[in-house]
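**Q** Okay, here's the structure, questions in a sec.
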Amino acid sequence: MHIPSSMLHGAVCPVTVVLGAAGTGLAVYCARQAEDAPSAAKFSAVTALVFALQMLNFPVQDGTSGHLLGGVLTVALLGISHAVLSMVIVLAVQAFFFGDGGVGALGANGLNMALLGAGVAGLLFERMKKTSVPRNMALALAAWASVILASMACSFEVAFSGAAAMEKVLPAMLKVHALIGIGEAFLTVAVLAAVNACGHLWRQKEKGTAWTALALAVVAVVMSPFASNLPDGLESVSAGLSFVGLNGMERPALFADYVFPGITDASLSGICAGLAGVMVVVLLSRMTGGALRSAGRTA
């Protein structure tokens, strides 16, 4: 559901940049105040896991695919404020290094997938945990809701840009993403169960969770050549409503389309690009996680 800059017009990009920056700033403040902040190692490993899992598109129907957003999964592992920052790092690396979601649309993508997909859906998850709803059911419902919230926001942004009429783009986006959300719910519960199960095998659960998440990230990248090549939900809707590529070329990226320069074999090139992305994500999130913990101790 990564919006390219070419889909957005007028004030949508600057407005969403301001909203995204404000939300990210609030997440930084909350993360610094958090008493149960994750270690820098866990924060970086979970962030790398989300980056890698987003490379794995799964088929839905009618020639359309979807992929895990990972917002609620990240909330379950890191807490809401750290999950929002984790998603922001993933989206920034995808935009600047992979051309996945335009740099100009980074505010919109951050608003949709980090602030709504992790922040608001995470609050919904935390709220449902305090009721009689079973934890896995709450996790699945919140994960499904995260996709719906992000797709609704995306529809509004496209419509306000004048790219497509609201009465056309909103129903089309909700229809396909309601199905993608089912996959999001299933994968969120399954991946969290796998991470927690393996993490419990270590004497130090925090360290075990970090190593498990990082190992699963590498496995996901290695499996990426087997991911579906079908267009994702937004691409499918944009093609059907003819609002693709309205503003021309995107910014060049080092690993554009997840291709590693100089490697001709498509599968190996994709794996190498993905592993390079994992390393970049780990580096940035390790620095961010360490800075947040340091700031929290001195606050």
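The values are calculated or read from the model by the stated rules, or taken from the named source; none is laboratory data. Nothing here was measured: the structure is a model prediction, and the numbers come from that model. Positions of Cβ are generated from backbone atoms using ideal geometry, with glycine treated the same way; all protein chains shown enter the neighbour counts. Keep in mind that these areas ignore ligands, DNA and RNA; they rest on the heavy atoms of the full protein, side chains included. Shrake-Rupley method; radii C 1.70, N 1.55, O 1.52, S 1.80 Å.
**Q** Quick one: Debye curve from the C-alpha atoms of the stretch 112-222, no solvent, what's log10 I(q)/I(0) at q = 0.10, 0.17 Å⁻¹?
**A** Rounded to two decimals, the profile gives -0.39, -0.91.
**Q** May I pose another question? Using the scaling law 2.2 N^0.38 Å as the reference, what is the normalised Cα Rg of the stretch 170-222?
**A** Working: Rg = 15.2 Å, N = 53, 2.2 N^0.38 = 9.9 Å.
So the stretch 170-222 has a normalised radius of gyration of 1.53.
**Q** Follow-up question, since we're still on this one. List the residue ranges in the chain for DSSP H helices whose C-alpha atoms run 18 angstrom or more along the long axis and whose Kyte-Doolittle average is -0.5 or above.
**A** Working: long enough: 12-33 (32 Å, 1.24); 40-53 (20 Å, 1.80); 80-98 (26 Å, 2.15); 135-160 (37 Å, 1.38); 166-199 (46 Å, 1.34); 205-223 (26 Å, 1.12); 266-298 (48 Å, 1.06).
Helices meeting the span and hydropathy rule in the chain are 12-33, 40-53, 80-98, 135-160, 166-199, 205-223, 266-298.
**Q** Then there's this: Assign one of three labels to the stretch 59-108, namely rounded, prolate or oblate, based on the Cα gyration tensor with a ≥ b ≥ c the square roots of its eigenvalues; rounded applies when a/c is under 1.5, prolate when it is not and a/b is larger than b/c, and oblate otherwise. Intermediate results must be reported in sequence, preceding the final value.
**A** Values: a/c = 2.73, a/b = 1.16, b/c = 2.34.
Note, shape of the stretch 59-108 comes out oblate.
**Q** Near the amide H of SER65, under 5 Å away, which other amide H atoms are found, from residues 5 or more places off or on another chain, if H is placed in the peptide plane?
**A** Sorted by chain and number, the residues that satisfy this are VAL60, ASP232, GLY233.
**Q** Estimate the FRET efficiency between VAL222 and GLU126 by the formula 1/(1 + (r/R0)^6), using the beta-carbon distance for r and 30 Å for R0, to the nearest 0.05. Intermediate results must be reported in sequence, preceding the final value.
**A** On the way: r = 34 Å, r/R0 = 1.12.
Computed FRET efficiency for VAL222 and GLU126 comes out at 0.35.
**Q** Related question: Please give the per residue accessible area of the chain, computed with a probe of 1.4 Å over protein heavy atoms only, in Å².
**A** That works out to 44 Å² per residue.
**Q** I'd like the carbon and sulfur percentage of the solvent accessible area for the chain, probe radius 1.4 Å, heavy atoms only, ligands and nucleic acids excluded.
**A** On the way: 8910 of 13270 Å².
Whole-percent figure for carbon plus sulfur exposure: 67.
**Q** Top to bottom by accessible area (1.4 Å), largest first, where do SER5, SER238, SER267 land?
**A** Details: SER5 25, SER238 5, SER267 60 Å².
Ranked from most to least accessible, the order is SER267, SER5, SER238.
**Q** List nothing, just return the count: lysine pairs in the chain, 8 or more apart or interchain, with Cα separation under 23 Å. Don't skip to the end; give the middle numbers.
**A** Details: LYS42/LYS129; LYS42/LYS205; LYS42/LYS207; LYS129/LYS205.
Value for the chain: 4.
**Q** Could you tell me, in Å, what Rg and Dmax come out for the Cα atoms of the stretch 68-173?
**A** According to the Cα coordinates of the stretch 68-173, Rg and Dmax are 14.4, 44 Å.
**Q** Also, quick follow-up: Work from the charge dipole of the chain (Cβ charges, +1 for Lys and Arg, -1 for Asp and Glu, about the Cα centre) and give the residue of VAL195, ALA220, ILE148 farthest towards its positive end.
**A** Selected residue: VAL195.
**Q** Give me the dipole magnitude in Debye, nearest 20, for the stretch 166-223 about the Cα centre, with unit charges on the beta carbon: positive for Lys and Arg, negative for Asp and Glu. Could the numbers behind the result be given before it?
**A** On the way: 5 positive and 3 negative charges, 31 e Å.
Using only the charged Cβ atoms, the result is roughly 140 debye.
**Q** A further question on this structure: How do ASP232, ASP62, ASP100, ASP265 stack up against each other in accessible area, from largest to smallest, with a 1.4 angstrom probe?
**A** Numbers: ASP232 20, ASP62 130, ASP100 45, ASP265 85 Å².
Final ranking, largest accessible area leading: ASP62, ASP265, ASP100, ASP232.
**Q** What spacing in nm lies between the two simple spin-label points modelled at GLU206 and LEU19, each 7 Å away from Cα in the Cβ direction?
**A** About 3.6 nm, to one decimal.
**Q** Further question: Evaluate the relative contact order of the chain (contact order divided by residue number), counting alpha-carbon pairs under 8 angstrom at least 6 apart; express in whole percent.
**A** On the way: 533 pairs, mean separation 98.2, N = 299.
It rounds to 33 percent for the chain.
**Q** With each label point set 7 Å from Cα along the Cα-Cβ vector, what nm distance links LEU283 and PHE160?
**A** Inter-label distance under the simple model: 3.5 nm.
**Q** Sort 53-60, 162-169 by packing, meaning the average of other beta carbons within 10 Å per residue, with the highest value first. Working shown, then result.
**A** On the way: 53-60: 19.9, 162-169: 16.1.
The packing order, highest mean first, is 53-60, 162-169.
**Q** For the chain, what is the charge dipole size about the Cα centre, in debye to the nearest 20, if Lys and Arg each add +1 at the Cβ and Asp and Glu each add -1 at the Cβ? Before the final figure, lay out the partial values.
**A** Details: 15 positive and 14 negative charges, 219 e Å.
It works out to roughly 1060 debye.
**Q** Peptides 86-96, 175-185: what's the order by average Cβ count within 10 Å, highest mean first?
**A** Working: 86-96: 24.9, 175-185: 21.5.
Peptide ranking by packing, descending: 86-96, 175-185.
**Q** Another question, if that's okay. If you count, for each residue, the other Cβ atoms within 10 Å and average over each peptide, how do 137-146, 218-227 line up from highest to lowest? Show your work: numbers first, answer last.
**A** Details: 137-146: 23.1, 218-227: 16.8.
Top of the packing list down: 137-146, 218-227.
**Q** May I pose another question? Using only protein heavy atoms and a 1.4 Å probe, report how much of PHE160 is accessible, in Å² to the nearest 10.
**A** For PHE160, the solvent-accessible surface is approximately 150 Å².
**Q** How high is the FRET efficiency between GLU235 and ASP265 when r is their beta carbon distance and R₀ equals 25 Å, given to the nearest 0.05?
**A** Numbers: r = 25 Å, r/R0 = 1.00.
That gives a FRET efficiency of 0.50.
**Q** Is the C-alpha gyration tensor of the chain telling us rounded, prolate or oblate? Criteria: a/c under 1.5 is rounded; beyond that, a/b larger than b/c is prolate, otherwise oblate.
**A** Numbers: a/c = 1.42, a/b = 1.28, b/c = 1.11.
Rounded is the answer for the chain, as its axis ratio a/c remains below 1.5.
**Q** Please give the calculated 222 nm ellipticity per residue for the chain, where each DSSP H segment of at least 4 residues contributes -39500 (n - 2.57) and the sum is spread over every residue; nearest 500 deg cm²/dmol? Walk me through the intermediate numbers first.
**A** Working: 11 runs with 197 residues, N = 299.
That comes out to -22500 deg cm²/dmol.
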